[in-house]
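Right, one structure below, let's go through it.
Just so it is clear, none of the values below were taken in a lab; they were calculated from the coordinates. Everything quoted here is computed from the prediction, not taken from an experiment.
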Amino acid sequence: MVGITKIVPRYAETDQMGIIHHSVYAIWYEQARTEFLNEVGLRYDEIEKQGIMTPLVELNCKYKRPAYYNQEIEIRTKIIELTPVKFTVQYDIYDKDKKLINVGTTTLAWSDAKTLKIVNLKKAKPDLYEKIEKLVEK
């Protein structure tokens, strides 16, 4: 499954050249991932109430073309890998002309909310693992 998030970049997100600052992409990834999970009924706050946290363990970001202030972008979000201890999400960002401007991934671990130790989600929360497993793009 692929989620779609549309964002209109704000002036505060630009650098001196009028281009979206590189640090903003990580924030956009989080927004797109949150909206995607909300869309499929897997809200972060509900997962956290079950005692599971998802700390970020890796972030990759490749800039293909610049994004600009007030230029609507579209982020296509999908889960590309799931293991019992982590999951990886891919973000493809397109401009209004459907040209690819950025590709990124984030890898998040499944951890215990109290200890932050890695947990095997498949064993700890099999129902939750099964729901997420159905979302993985092959």
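Structure summary
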quantity	calculated
Of Lys6/Lys114; Lys62/Lys134; Lys114/Lys138; Lys6/Lys64; Lys78/Lys99; Lys114/Lys134, pairs whose Cα-Cα distance is over 23 Å	Lys6/Lys114; Lys62/Lys134; Lys114/Lys138; Lys114/Lys134
Karplus-derived HN-Hα couplings along segment 48-56 (A = 6.51, B = -1.76, C = 1.60, θ = phi - 60°), whole Hz, x at Gly and Pro	5, 5, 7, x, 10, 10, 10, x, 6
Calculated from backbone phi, Karplus (6.51, -1.76, 1.60) coupling profile of segment 59-74 in Hz, x at Gly/Pro	9, 10, 8, 10, 8, 9, 8, x, 10, 10, 3, 6, 9, 4, 10, 10
